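No lab work stands behind these numbers, since they all come straight from the coordinates. Everything numeric in this text was worked out from a predicted model, so none of it was measured. Using ideal geometry, Cβ is built from the backbone for each residue, glycine included, and neighbour counts are taken over all protein chains shown.
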């Protein structure tokens, strides 16, 4: 029984020893996804995708901060305080930055509504009997009354004299 208990303790220690670095790597990856690279050539890449020397130094600094016990959120807040909101890879979802999240969806909805209105007007026009492009439109005054025909003939006769 004692041997079984010892085996479980050894396995637990090994598991925690392996899981802790994996958790730290995951936290570093989360941090790298949340922040932009701040190199001097302004590459504009998310830190996890950047390969410059500055990003390697930044990763090492972040790893030290994570090892010291700071959380990802605390490090992100620290970087925002140091560099401003431009260091974030995505805008925050509060205040004016909320428009960056809402505007694309609103534009899609408004555009879809506009296309629907145009298509409905186009279909309604075809149903009303308007000719398609290239077709000759019927003359609305085609059946001329006999009074107009007689008057037209009289006017033409006066001109011939």
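Arranged from fewest to most other beta-carbon atoms within 10 Å of their beta carbon, 110, 46 become 110, 46. Taking 0.36 nm per residue of separation and subtracting the current Cα-Cα distance, fully stretching the chain between residue 107 and residue 94 would add 2.7 nm. Fewest-first ordering of 94, 123 by other beta carbons within 10 Å of each residue's beta carbon gives 94, 123. Listed from fewest to most Cβ neighbours within 10 Å, the set 88, 119 follows the order 119, 88. Looking at the square roots a ≥ b ≥ c of the eigenvalues of the Cα gyration tensor of the range 43-103, which shape do they give, rounded for a/c under 1.5, prolate if a/b is larger than b/c, or oblate? Note, shape of the range 43-103 comes out oblate.
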